[in-house]
Every structure is written in structure tokens, then in C-alpha cells.
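First up is the structure itself, then whatever we jot down about it.
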Amino acid sequence: MTQPVSPPRDTADKIPSGGQPPAWRGLLARADVRTLSLLGVLAALVVIGGVTKPDEFLDTRNLQLVLTQASVIGVVTVGMTFVITSGGIDLSVGAIVALASVWATTVATQEYGFAGILFTAMVVGLGCGLVNGLLVAYGGMVPFIATLAMLASARGLALQITDGRTQIVTVDGILELGERDSYVLGIPPLVLVFAIVTIVGWLLLNRTTFGRRTVAVGGNAEAARLAGIDVRRQRLYLYLLSGLCCGIAAFLLIVLSGSGQNTNGNLYELDAIAAAIIGGTLLSGGRGTITGSVLGVLIFTTITNIFALNNLQSDVQQIAKGAIIVAAVLVQRRTARTS
């Protein structure tokens, strides 16, 4: 009796039963289209900036400024991407940045120099992330409510510490990082930090068990629990990661502005969520992309820069951002129904 001949190993992996292409090919194709679309939008914005203000927008210093400003919110967005991928939300990131920046720039903290400011900013971020994680993962609170409470508390504490005053940094090592002499091959140090955080975040989400567990929890928390994942501990880790990113962003903001203010990080939660969403991270959880989030940050930062160079009012800028967010969510819903 003739035995059926199985296809070669590589062919069997590529041609599933029924003659249909494997599911991962469709996901990869959609991801490529999304990334190319974002790159196209970014390129269009560069053209618009170059046409409207060619001498100013295309100036090397202005491009360095755009990347530097993107670095602060970009680091926050990396942490936010993980939280949203898990099905959560963090509305407190801007307030945590403000609290970490003012706590790290008090007179007592500055006495410990560069290391003291960096350490304090990161510890404050981690502490706030720990509280958020405990409330959400083990306290059973809805992420929206828990992080909203942290937003109010952190803002209030930041105001109390500063008494409404700006805290000027006097540590030479911090101030020198913001000068052009510290640039590496024309790249500001803040941009290098952002690049490192992005690479680490991409590897963590796409190449580790931690990333796979994050996606699983966001896709179906109950199924993830039945599969042996400690959902509560995973969520705690994610809010710790978000808090750590806020601490790093606070340090970058201190370097950028040379001060600590209770108004720092204003509307960062809006920008971070918007950048993650337009980048392709599902607001309902289960899918996240660091690459898309970074492109989203660059798009929003470029829009802000173009508006500033053309002397357009900030309220128009906020309306434009809101319209982009609505459009991105509608596209996500349409794509989900099609899938």
C-alpha cells in the first residue's frame, strides 16, 4: 500500500492545511503596512515643514531639538506601550514625571550631585509605579481609577514640595549634559538614552518571555491565568516598568530644562497614549509595537515643532492631536472587524 508523502519540512511550515497562508504572515503584512504608513506620514510632515519654513525647520539645530524633545515623552511612551498592551492604562505618567523631577532637584538631593539626582528620580518613579501596580494587581482597582488617583496625589505632592516655585539645578554634571559640547557625533545625549530605552523595550516585548506574557495578559487575562501565568504579578511588573520610564524621563527633563517644576509632564499621558495608539498598539490590549510607538512620538513632536515655527496657536495643535487620536481608534476598530 502506497504511503502518503509528507512535504519537505520547510514547505510544511509554510503551507498549512486548507491551502491558506499562515496567520503570522497576515499579522506581519499588516505590521509592515502600518509601519510604512507611519513613515509616510512622518515624511509628509518633514516635507511640509521644509516647504513652510525651509531655513528654520531643516536647520541642524532644529532637527536636534525635535529629537531631544521627542526623547523625554518617548521614554514615557515606551513604558505606556507595555501597560496598554497588557490591557491597562496609566493616566499618572505626567504627574509622576513632575514629582520625580521636583523631588530630585531639591536642595537636599542636589547635595549628592549627579548620582543623587539620577537615583532619586528613578526611585520616585519606581515607588509611584509600585503603588499603581499594587492597587491594580492586588487591590482589584480599575486601572483608570487607580492611576487617576495617583495623578492627583503626585501633582499635589509636587506642588507641596516646590511651593509653586521653580527649583534651579546647580550641579555642573547635569548642566553640562545639556550643552552642545556633550553631543556625540552631533547626537544629543538625551537622544542616545532614548535610543537605548527603545532598543531594550523592543527586545523585552518581542524577544523575551516577559513580552509574550504581557501580550497574553492583554489578549485574554483568564486564558493567561489558566496557562500558568501569574497575571497579578505580571501587571505589577508592568506598572513598575512604567514608573521606571517616568523616572528616566524626569531625569532627561531635568537635563533639558536645568530645573524641576511641579508643572513638568503636563499632558504627557495624552501624548504617550496617543503615540502608542497611532503606532498600532491596541487600546483594548493584546497587541503592542515599540517601533510604531516611537514613530508616533516623532510624528507628534514634528507636528508641535511645525506649529511653533509657523506661530500657530497651541489650541489648534491640541485639536489636531485629538482628531488624530479619534482617527487612529476608528482605524483600529475597522481593522479589528476586518480581521
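The values are calculated or read from the model by the stated rules, or taken from the named source; none is laboratory data. Remember, predicted model here, so these are calculated numbers, not experimental data. Backbone-built Cβ (ideal geometry, glycine too); neighbour counts: all protein chains shown. We work out accessible area using only protein heavy atoms, side chains counted, and drop any ligands, DNA or RNA first. Shrake-Rupley method; radii C 1.70, N 1.55, O 1.52, S 1.80 Å.
Tabulated data
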| quantity | calculated |
| --- | --- |
| Close pairs (7 angstrom Cβ cut-off, 6 or more residues apart or separate chains): crowded, with 24+ Cβ neighbours inside 10 Å in segment 82-98, at pLDDT 95 or above and not in a helix (DSSP H, G or I) anywhere | V83/I89; V83/D90 |
| Any chance T291 is touching a residue at least 24 places away in the same chain (Cβ under 8 Å) and under 30 Å from A221 (Cα atoms) | yes |
| Restricting segment 169-188 to residues that are in a helix (DSSP H, G or I), aliphatic (A, V, I, L, M) and more than 14 Å from Y112 (Cβ to Cβ), the residue that is farthest from the chain's Cα centre (by Cα) | L175 |
| Any hit, segment 150-160, residues being closer than 17 Å to Y268 by Cβ, in a helix (DSSP H, G or I), out of contact with any Gly (no Cβ under 6 Å at 6 or more places or on another chain) and open to solvent by less than 10 Å² (accessible area, probe 1.4 Å) | yes |
| Some residue of segment 219-231 being over 13 Å from the mean Cα position of the chain (by Cα) and surrounded by 24 or more Cβ atoms within 10 Å (Cβ to Cβ) | no |
| Some residue of segment 27-34 being at pLDDT 95 or above and either open to solvent by 30 Å² or more (accessible area, probe 1.4 Å) or assigned to a loop (DSSP other than H, G, I, E, B) (or both) | no |
| Segment 278-291, subset surrounded by fewer than 24 Cβ atoms within 10 Å (Cβ to Cβ), of a type outside the set (G, A, S) and in contact with a Gly (Cβ under 8 Å, 6 or more places away or on another chain), residue farthest from V231 (Cα to Cα) | T291 |
| Filter pass, I145 being aliphatic (A, V, I, L, M), open to solvent by less than 60 Å² (accessible area, probe 1.4 Å) and assigned to a helix (DSSP H, G or I) | no |
| Residue in segment 218-235 that is under 17 Å from I89 (Cα atoms) and not in a helix (DSSP H, G or I) present | yes |
| Within segment 120-142, considering residues that are among the β-branched types (V, I, T) and surrounded by 16 or more Cβ atoms within 10 Å (Cβ to Cβ), the one farthest from V255 (Cα to Cα) | V136 |
| The listed residue being among the hydroxyl-bearing types (S, T, Y) and under 17 Å from L65 (Cβ atoms), out of T263, T281, T289, T301 | T301 |
| Segment 160-169, residues that are touching a residue at least 60 places away in the same chain (Cβ under 8 Å) and either farther than 16 Å from A121 by Cβ or aliphatic (A, V, I, L, M) (or both) | I161, G164, T166, I168, V169 |
| In segment 167-176, the residues that are surrounded by 15 or more Cβ atoms within 10 Å (Cβ to Cβ) and polar (S, T, N, Q) | Q167 |
| Residue within segment 232-239 that is open to solvent by less than 50 Å² (accessible area, probe 1.4 Å), touching a residue at least 40 places away in the same chain (Cβ under 8 Å), touching a helix residue (DSSP H, G or I) at 6+ places or on another chain (Cβ under 8 Å) and of a type in the set (A, V, I, L, M, F, W, C) present | yes |
| Pairs with Cβ under 7 Å, 6+ apart, first in segment 194-217 and at negative phi and free of Cβ contacts under 8 Å to residues at least 24 places away in the same chain, second surrounded by 15 or more Cβ atoms within 10 Å (Cβ to Cβ) and outside any helix (DSSP H, G or I) | R213/I229; A216/I229 |
| Meets criteria (more than 24 Å from the chain's Cα centre (by Cα) and assigned to a loop (DSSP other than H, G, I, E, B)) for G164 | yes |
| V297, sole failed condition from (1) β-branched (V, I, T); (2) in a helix (DSSP H, G or I); (3) open to solvent by 10 Å² or more (accessible area, probe 1.4 Å); (4) closer than 25 Å to E179 by Cα | (3) |
| Some residue of segment 241-259 being of a type in the set (S, T, N, Q), surrounded by fewer than 24 Cβ atoms within 10 Å (Cβ to Cβ) and over 16 Å from G129 (Cα atoms) | yes |
